[in-house]
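> Can you read through this structure? Questions will come right after.
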């Protein structure tokens with residue numbers, strides 16, 4: 001059983017080589033989720049305090065090298081970044097029905113004097129994301145959701161499970177509420 005340190009970051013066009021005196025062996029690859037992964041093998045399993053210290057030193061090194069936005073995982077194999085491809089109805093069976101526009105006419109609406117697309121999450125101005133939807137009264141409302149200072153780390157099964165349990169994502173509520181859209185992102 002091998003232990004690894006895994007660094008996950010947004011996809012890099014060109015990634016600098018790591019200092020070979022610090023990291024003699026490492027592997028770099030890109031994933032289907034548009035991320036770049038650096039995997040560094042460890043000689044042995046680290047205790048929690050050793051792992052925290054190693055992660056802090058590695059984070060400092062990555063900042064010095066000019067990387068700003070990355071996640072560090074320390075553990076066995078590469079379980080934290082498992083990629084899953086769904087075939088046929090497998091996605092539906094795993095996640096249930098995702099919303100789709102039932103009538104083609106309601107793709108656009110007017111919100112405060114300008115045309116907006118309904119049901120399409122986009123980068124937000126007040127929060128991390130925003131989406132325009134119709135509420136039960138028929139009015140177009142803007143739903144803001146997500147913490148602008150945090151990344152969505154749904155590639156980690158434990159984090160995903162915890163988020164979905166904490167926000168009761170099995171019953172996300174109506175589409176005009178932020179919880180619905182946050183759960184959908186996770």
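> Could you grab me the full set of residues in region 136-177 that are touching a residue at least 12 places away in the same chain (Cβ under 8 Å), assigned to a loop (DSSP other than H, G, I, E, B) and touching a helix residue (DSSP H, G or I) at 6+ places or on another chain (Cβ under 7 Å)?
Answer for region 136-177, where residues must be touching a residue at least 12 places away in the same chain (Cβ under 8 Å), assigned to a loop (DSSP other than H, G, I, E, B) and touching a helix residue (DSSP H, G or I) at 6+ places or on another chain (Cβ under 7 Å): 146, 152, 153, 154, 155, 156, 167, 169, 172, 174.
> Among 126, 116, which is at pLDDT 80 or above, in contact with a strand residue (DSSP E or B) (Cβ under 6 Å, 6 or more places away or on another chain), crowded, with 16+ Cβ neighbours inside 10 Å and not in a helix (DSSP H, G or I)?
None of the others qualify; the one that does is 116.
> State all residues of region 150-176 that are within 22 Å of residue 70 (Cβ to Cβ) and surrounded by fewer than 10 Cβ atoms within 10 Å (Cβ to Cβ); if no residue qualifies, say none.
Within region 150-176, the first condition is being within 22 Å of residue 70 (Cβ to Cβ), and the residues that meet it are 150-160, 162-163.
Listed by number, the list holds a single entry, 150.
The values are calculated or read from the model by the stated rules, or taken from the named source; none is laboratory data. Everything quoted here is computed from the prediction, not taken from an experiment. Here Cβ is always computed from backbone atoms with ideal geometry, including for glycine, and neighbour counts include all displayed protein chains.
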